[in-house]
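**Student:** This is the structure I have questions about; it appears just below.
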Amino acid sequence: MDQPSGRSFMQVLCEKYSPENFPYRRGPGMGVHVPATPQGSPMKDRLNLPSVLVLNSCGITCAGDENEIAAFCAHVFELDLSDNKLEDWHEVSKIVSNVPHLEFLNLSSNPLSLSVLERSCAGSFAGVRKLVLNNSKASWETVHTILQELPDLEELFLCLNDYETVSCSPVCCQSLKLLHITDNNLQDWTEIRKLGIMFPSLDTLILANNNLTTIEESEDSLARLFPNLRSINLHKSGLHCWEDIDKLNSFPKLEEVKLLGIPLLQSYTTEERRKLLIARLPSITKLNGSIVADSEREDSERFFIRYYMEFPEEEVPFRYHELVTKYGKLEPLAVVDLRPQSSAKVEVHFQDKVEEMSIRLDQTVAELKKHLKTVVQLSTSNMLLFYLDQEAPFGPEEMKYSSRALHSYGIRDGDKIYVEPRMK
């Protein structure tokens, strides 16, 4: 059979990991020995081959000599072949079947949808635990074939594959713990629930950037579908009502939730979003990547009570009543204006006269002197000012710096300012 045209896996491997291009050493004499090869072969006598091979974007279309792959790759356990030109699963199988310890395989952005994956080919993937098929447009039929032949598969990446529906596999994959299926077009919960049927041991479900609009499932059914789900990512989904958030509590082992960029939260402040979510999700220990400490949970739950206490009874969520049972009915927080005082009423004392005045506290001592000039009939250069804090124990303080702002003295209503002429 003629070899497919293009660059082979072996050709690229020898070019990239030759001693000239990749001076990597695992120890004295630890390079990979290459048997004698025909004249003109790009292979060297020794290659410095790591156990993690990264051969992305190299234009690979075929495997090359299988015996040579076996000689080179016996120790390899991770292989990145993303963004190549592999379009035949048979060629992928020739590579993988000769990498006996392979656990991680990345085939993203290869045009593999152009060929059918037969079970005999998929069998060569049997030892793979982590498989990445992002932007490969792999059909669900292909995914099902893989699932049947990979008994130890733990992590599966199916992003950017234009899925609008999910097709159930004829058999469950009990081993899968993580499913990364972001950036598709899965809008209907009836499709998402199929993932629970296919992957009953699922621990982590990453659904970001799917326009999922609602979670249409009973609480009991959600618990049965995802009994082991610990983490769910719904970033930039289409969820728009609090009832959908409440349904996340039906997952019996849920600890981590990611919910940024959903329509429901757009009208809330950053503080409101986090606190209202934490209060509604009593079991989670991490929200949007940040740990929820016990103190933050209590603050959030108390915030939740105060947030809803003025709402009409028909609009108050059930969680409000649960939290009132826990903390009791709380008093509204006092509104404290922490803005600096802008003016103060003070007594101005000059000789035997006392005049009550309202002065602006954003002005300087020099500006105050100008304001007092007509009151005390002294020029600003001949005027000394002393400030007396009504609660200070040390007596009046001279206001000697012309450019100092009045608010920096802490002047309050009822304080006193004494004016005296400068001694000549």
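**Student:** Springs between alpha-carbon atoms under 10 Å, Gaussian network over the chain: tell me which of A392, A223, A293 tops the mean-square fluctuations.
**Tutor:** Among A392, A223, A293, the largest mean-square fluctuation in the Gaussian network model of the chain belongs to A392.
**Student:** Have a look at L277, S290, P312 and report the one farthest towards the positive end of the charge dipole of region 258-328, computed about the Cα centre with Cβ charges (Lys/Arg +1, Asp/Glu -1).
**Tutor:** So the residue furthest toward the plus end is S290.
**Student:** Loop only per DSSP, at most 11 neighbouring Cβ atoms within 10 Å: give me the trypsin sites (Lys or Arg not before Pro) in region 337-423, ordered by residue number.
**Tutor:** Sites meeting the loop and neighbour criteria: K400, R422.
**Student:** Can you compute 3J(HN,Hα) from phi for each residue in region 290-301, using the Karplus curve 6.51 cos²θ - 1.76 cosθ + 1.60 with θ = phi - 60°, rounded to whole Hz and x for Gly and Pro?
**Tutor:** Karplus-based 3J(HN,Hα) across region 290-301 equals 10, 5, 9, 6, 4, 5, 5, 4, 5, 4, 5, 5 Hz.
**Student:** Between 0 and 90 degrees, rounded to the nearest ten: what's the tilt of helix 189-198 against the longest Cα principal axis of the chain?
**Tutor:** Once rounded, the angle reads 50 degrees.
**Student:** Okay, next question. For K275, which lysines qualify as cross-link partners when the Cα separation must be under 25 Å and same-chain residues fewer than eight apart are set aside?
**Tutor:** Answer for K275, where 25 Å is the Cα cut-off: K236, K247, K253, K258, K286, K326, K329, listed by chain and number.
**Student:** Which of rounded, prolate, oblate describes region 123-188, given a ≥ b ≥ c as roots of the alpha-carbon gyration tensor eigenvalues and a/c under 1.5 marking rounded, otherwise prolate only if a/b is larger than b/c?
**Tutor:** Since a/c reaches 1.5 and a/b is larger than b/c, the shape of region 123-188 is classed as prolate.
**Student:** Around S175, under 14 Å between beta carbons, what's the net of Lys plus Arg minus Asp minus Glu among the other residues?
**Tutor:** Value of the local net charge: -3.
**Student:** If you put +1 on each Lys and Arg Cβ and -1 on each Asp and Glu Cβ, how big is the dipole of the chain around its Cα centre, in Debye rounded to 20?
**Tutor:** 1480
**Student:** How big is the gap, in Å, between the Cα center of region 251-287 and the Cα center of region 81-123?
**Tutor:** 39
**Student:** Tell me which chymotrypsin sites (Phe, Trp or Tyr not before Pro) from region 172-273 have a DSSP coil assignment and no more than 16 other beta carbons within 10 Å of their own.
**Tutor:** Those satisfying the criteria are Y268.
**Student:** Which percent of Cα-Cα pairs in the chain sits in each 20 Å bin, short to long?
**Tutor:** P(r) for the chain, in whole percents per bin: 20, 29, 22, 16, 11, 1.
**Student:** Skipping prolines and chain starts, which residues have an amide H placed within reach, meaning under 5 Å, of the one on V348, given they are 5 or more residues away or on another chain?
**Tutor:** Distant-sequence amide H within range of V348: E355, E356, M357, I417.
**Student:** Tell me the volume per residue, in Å³, of the convex hull enclosing the alpha carbons of region 343-421.
**Tutor:** 83
**Student:** Helix-derived [θ] at 222 nm for the chain: sum -39500 (n - 2.57) over DSSP H runs of at least 4, divide by residue count, nearest 500?
**Tutor:** -7000 deg cm²/dmol
Only the coordinates and a few stated rules stand behind these numbers; no lab work does. Quick caveat: nothing in here was measured; it's all calculated off a predicted structure. For neighbour counting, all protein chains shown are included, and Cβ atoms are generated from backbone atoms with ideal geometry for every residue, glycine included.
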